[in-house]
Amino acid sequence: MRAFNVGGMAEYRRDEVSDVMALVEEATFDFTMGDCDVAVEKLKRAIEAKPDSFEAWHALAEVQFSERKFDEALEAAEQAHKLKPDDVHINTSLSRIWMEKGDKKQAEHFGAQARILGWKDQLKQGSGPAP
């Protein structure tokens with residue numbers, strides 16, 4: 001992983017970020033076309049290149065979930081959640097994963113978080129929650 005320091009913080013070169021996002025997009029296409037193994041391999045390469053790629057972790061969680069590999073999906077989703085805990089989509093994913101794993105309390109927790117984040121987003125955009 002090539003990075004350089006600016007003011008004490010590691011910054012990724014723009015081309016590396018583009019390469020990682022291209023891998024995520026390719027993996028999403030592969031998944032859509034039914035080639036889950038190739039999608040997982042590409043997402044793991046993206047994560048290896050940029051471990052703080054929320055998009056790669058979240059996509060990996062969704063692919064693993066679709067394959068009913070709930071432990072792997074949970075691991076990837078938790079990594080994504082660490083990177084963006086206020087993302088409505090990862091909270092929704094975690095809710096779905098926990099429901100499939102049979103933990104209703106955890107599923108409800110993340111489902112509630114997703115609803116709250118959705119309402120906050122609606123308020124920012126000038127409309128309240130639907131009645």
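The values are calculated or read from the model by the stated rules, or taken from the named source; none is laboratory data. Predicted model only: the values in this text are computed from it and were never measured. Backbone-built Cβ (ideal geometry, glycine too); neighbour counts: all protein chains shown.
Quick notes
- Subset of the stretch 42-53 [surrounded by 14 or more Cβ atoms within 10 Å (Cβ to Cβ) and not in a loop (DSSP other than H, G, I, E, B)]: K42, L43, K44, R45, A46, I47, A49
- Taking the conditions (1) at pLDDT below 95; (2) not in a loop (DSSP other than H, G, I, E, B) in turn, R115 satisfies each one other than (1).
- Filtered residue count, the stretch 60-92, keeping only those that are in a loop (DSSP other than H, G, I, E, B) and more than 22 Å from V38 (Cβ to Cβ): 4
- The set of residues from the stretch 85-101 being closer than 9 Å to L74 by Cβ and surrounded by 16 or more Cβ atoms within 10 Å (Cβ to Cβ) comprises L94, I97, W98.
- In the stretch 8-28 there is at least one residue that is part of a helix (DSSP H, G or I), of a type in the set (D, E, K, R) and at pLDDT 95 or above.
- Count of the stretch 84-103 residues which are under 9 Å from the mean Cα position of the chain (by Cα) and among the hydrophobic types (A, V, I, L, M, F, W, C): 1
- Scanning the stretch 61-95 for residues that are out of contact with any Phe, Trp or Tyr (no Cβ under 9 Å at 6 or more places or on another chain) and either on the phi > 0 side of the Ramachandran plot or among the β-branched types (V, I, T) (or both) yields R68, V88.
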